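The values are calculated or read from the model by the stated rules, or taken from the named source; none is laboratory data. The structure displayed is predicted, hence computed values, not measured ones. Note that we place each Cβ from the backbone using ideal geometry, even for glycine, and neighbour counts take in every protein chain shown.
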Amino acid sequence: MKTFLLLFAVFAAVVLIVSLLYWGWSNFFDRRAKAKKERLRSIRSAVHSHGPMLGSTLAPLPGTELENWLRSHFKAFAQLESLIKRAHSPLTAMRLMGLMLLLFAVVLVLGLLRQLNPIFLFLLSGASASAPVLWLSRKASQRGKAFGNKLPETLDYISRALRASHSLNMAISMVGKEFPDPIGTEFKTVSDKISFGIPFKDAIGQLAEGIQNKDLNFFVVSILIQHETGGNLTELLDGLAGTMRERIKLRGKIRTLSSEGRASAWLLGSMPFVLAGIFSLLNPSYISILWTTSQGRTYLLIGGALLAIGLSVLRRIVQIKV
């Protein structure tokens, strides 16, 4: 009897652990679940903004009173929300701010315990706090580039759907079903918004705001102009797709030609850290003067500032706008 109860307890514990792991994966790591939540959040916000037109029984805008107050009084808070949306991150602006404050406080406390230079400590804490924002910015940039690279193919698909006598709304819905993320997710959200009664102009405009890609802006403006004035939409989409492909080719050529400058920037930027690591292994007492003495910390601050200025100048040199 005891053996049976023990086996039953082990079986129940295993089932419970597996259930918890599946729940955590489905809620936090499953791409389809995350995409569905993001679409619902975007639709809910869009529907709220058109509440007087659609009715008074709509749910309020997601967020606490503090979030709504910050959203209406501080532009930086709204920009954080926009960045999170463009990065397609499950974080919220409040959680992001909490994470930044936590990183700032942890680095500050550790620096005070190590009795670091106050100026160096403040800069290090600020850099640590800004790391999540930089990561989200990079993620949003990569998502925008992936969207732009697939956009010409998407326009061709919409053009073929229109030639097959489908409506523009149906073509957008088909793109949302047939294409992978991020194209499929964003166009599916647009289709859902239109189905919920959001005006086409507002739904397609919010697509441009959520991605912030220049090629997408051309597409949205062209669609809106054609929606107001009329014209041959298939020819317009074919011309846009061809122009976008040429821009993508030109950007690829520019990236190839500027590869030497980017390699120089990576080499020069990493050289001080590589040399510091080598000296720390070979002769720790020789390099430790830089952070154990006030004069050495001053040199570190000056060197870090000059390194940042040099890298920003190199980045501007190799970054050519198309």
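Please tell me if Phe200 is touching a Ser or Thr at 6+ places or on another chain (Cβ under 8 Å) and over 19 Å from Gln319 (Cβ atoms).
no
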Quiz item: Do any helices (runs of 4 or more DSSP H) entirely within segment 210-322 hold 3 or more residues that are of a type in the set (Phe, Trp, Tyr), and if so, which?
Solution: 259-282
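Between Leu306, Leu301, Leu268, which is over 23 Å from Gly148 (Cβ atoms) and surrounded by fewer than 12 Cβ atoms within 10 Å (Cβ to Cβ)? Please lay out each step first, then the result.
Working: Leu301 fails: surrounded by fewer than 12 Cβ atoms within 10 Å (Cβ to Cβ); Leu268 fails: surrounded by fewer than 12 Cβ atoms within 10 Å (Cβ to Cβ).
None of the other options fit; the residue is Leu306.
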Self-check item: Hits in segment 147-192 - residues which are of a type in the set (A, V, I, L, M, F, W, C) and either in contact with an Asp or Glu (Cβ under 6 Å, 6 or more places away or on another chain) or outside the structural domain of Leu236 (by TED's automatic domain parsing) (or both)
Solution: Leu151
Quiz item: Which of the residues that make up segment 174-196 are among the hydrophobic types (A, V, I, L, M, F, W, C) and either part of a loop (DSSP other than H, G, I, E, B) or within 18 Å of Glu209 (Cβ to Cβ) (or both)?
Solution: Phe179, Ile183, Phe187, Val190, Ile194, Phe196
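If we scan segment 275-292, do we find a residue that is exposed (fewer than 12 other Cβ atoms within 10 Å of the Cβ) and under 18 Å from Gln115 (Cα atoms)? Show your work before the answer.
Going residue by residue through segment 275-292, those that are exposed (fewer than 12 other Cβ atoms within 10 Å of the Cβ) are 275, 277-278, 281-286, 292.
Adding the requirement that they be under 18 Å from Gln115 (Cα atoms) leaves 292.
Checked against the condition, which is being exposed (fewer than 12 other Cβ atoms within 10 Å of the Cβ) and under 18 Å from Gln115 (Cα atoms), segment 275-292 yields at least one hit.
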Quiz item: Within segment 65-120, how many residues are at pLDDT 85 or above, under 30 Å from Leu290 (Cβ atoms) and touching a Lys or Arg at 6+ places or on another chain (Cβ under 8 Å)?
Solution: 0
Exercise. Report, by residue number, each residue of segment 206-247 that is hydrophobic (A, V, I, L, M, F, W, C), surrounded by 15 or more Cβ atoms within 10 Å (Cβ to Cβ) and out of contact with any Gly (no Cβ under 8 Å at 6 or more places or on another chain).
Key: Leu207, Ala208, Phe218, Phe219, Ile223, Leu233, Leu236, Leu237, Leu240, Ala241
Quiz item: Could you count how many residues in segment 203-236 are in contact (Cβ under 8 Å) with a residue 24 or more places away in the chain and touching a Phe, Trp or Tyr at 6+ places or on another chain (Cβ under 8 Å)?
Solution: 4
Exercise. Examine segment 160-182 for a residue that is in contact with a Phe, Trp or Tyr (Cβ under 9 Å, 6 or more places away or on another chain), touching a residue at least 40 places away in the same chain (Cβ under 8 Å) and crowded, with 17+ Cβ neighbours inside 10 Å, and state whether such a residue exists.
Key: yes
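The rows are residues; the columns are (1) under 20 Å from Lys150 (Cβ atoms); (2) of a type outside the set (S, T, N, Q); (3) in contact with a Lys or Arg (Cβ under 7 Å, 6 or more places away or on another chain); (4) outside the structural domain of Gly148 (by TED's automatic domain parsing).
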residue: Pro199; (1), (2), (3), (4): no, yes, no, no
residue: Ala203; (1), (2), (3), (4): yes, yes, yes, no
residue: Asn213; (1), (2), (3), (4): yes, no, no, no
residue: Asn217; (1), (2), (3), (4): yes, no, no, no
residue: Ser222; (1), (2), (3), (4): yes, no, no, no
residue: Gly231; (1), (2), (3), (4): no, yes, no, no
